[in-house]
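Reviewing the structure listed below.
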Amino acid sequence: MFLSKRAQAVLENENFLFQHMLLANSDLYDEKENPKGYINLGTADSNLSSDILIEKLNEEGVWKFDHSLQQYFETRGILRLRTAMAKFMNHFFHPLDKIDPQNLFFFPGVASCINILAHCLADPGDVIISPTPVYPRIQPSLQQLSLVDMWPAQLTSTLREEEQFPFQLTLQRIEEEYQRATEAGKNVRGIILLNPNNPLGHVYSSEMVLDILNFCCSHRIHAIIDEVYALSVFDKNVKFKSTLTLPVPDPERTHVLYGLSKDFALAGFRVGVIYTRNNSLHTVLKEGSSFISIPSSIMKISAYLLEDLQWCETFIKENCSRLAKACQLCKNKLEKLGLPVCESVGGFCLWVDFRQP
């Protein structure tokens, strides 16, 4: 055997969907240049507001090489970036308690944040419950390297008595899957929730999030809340409220994730951040960041962007407006083809039923 058992497990659980996405991106469709290329419907990135980003990130003061780039740095996030992100989150997320830069830990993308949290919070063979449908990289983010399994809490288009719309998340669904997992002999270490949801485009109410936080607290398991689409809610009738605004019952086991890949359409920057008040976890995350860190140049450029709160407000407002128009355009086209579309209020995705003949 050439590889370790952990590496063999990665081979056995290779994410073919992700590999096909990479293939599609290497041979993209173009009406004139590549009419036989792929149209990639599986990657959640956006170019809707590239013109605004290009103008901002080509400003003269964005970045220049200096001697600090020849030195080692705080791999968990340089102080300038942590300070900028804390001010940004205090401004836009309206947290109950002000964000302390000491509680922020940066990694190359939210998927890396999930991966290292799986490594820190669970052992191989343990499970973390996730409502599904869900972003397909959640499972490999938990399973690859850390060998932690995702236990699905399957939401469906078939309504139960207490449910009001398709794929509605309820505490009962979570309770049932927790019981099934424990009865199957699994050690449940936490619940991961994407809010706003990818791919459904749902925004969960504060009451629903609090129900999950209280459930986690009562069972002494972790709550990982991924809010990477927090500022991409484009339906003006829906207001997203961050977990940070809530009276969290167990701060030591509640961890909130954010990043620049979605709200700022900067997937190529690979900037993800964990907010946690668990001091023991702080130490492990600091050590882990030395192996998987964001380049300091990207940290500085990201800080430059986040420090300009007025520009951020303008960008987010315009980006949401463009997302709303794009969503409505796609929805109209799909429904014209007779394809049912799940109602979406935020994010980049539409959940479409292709089962119709």
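Summary table
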item	result
FRET efficiency, Asn90 to Asn214 (Cβ-Cβ, R0 41 Å, nearest 0.05)	0.95
In nm, spacing of pseudo-spin labels at Thr43 and Glu207 (7 Å Cα→C-beta vector)	4.1 nm
Cβ-derived FRET efficiency at R0 35 Å, Leu69 paired with Ser280, nearest 0.05	0.60
Residue-normalised accessible area of the chain, expressed per residue, 1.4 Å probe, Å²	52 Å²
Theoretical ellipticity at 222 nm over the chain - DSSP helices of four or more residues, -39500 (n - 2.57) apiece, nearest 500	-12000 deg cm²/dmol
Heavy-atom accessible surface of the chain: percent carbon and sulfur, 1.4 Å	53 percent
Cut-off 11 Å between beta-carbons: net charge of the residues surrounding Arg189, Lys and Arg +1, Asp and Glu -1	0
Relative contact order of region 49-154, pairs being alpha-carbon contacts under 8 Å that are 6 or more residues apart, as %	20 percent
Distance between modelled label sites at Gln102 and Ser4, nm, 7 Å Cα→Cβ extension	3.3 nm
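The values are calculated or read from the model by the stated rules, or taken from the named source; none is laboratory data. Values in this document were obtained by computation on a predicted structure and should not be read as measured data. Ideal geometry is used to build each Cβ from the backbone, glycine not excepted, and the neighbour counts take in all protein chains shown. To get the accessible areas, we keep the full protein, side chains included, count just its heavy atoms, and leave off ligands, DNA and RNA. Shrake-Rupley method; radii C 1.70, N 1.55, O 1.52, S 1.80 Å.
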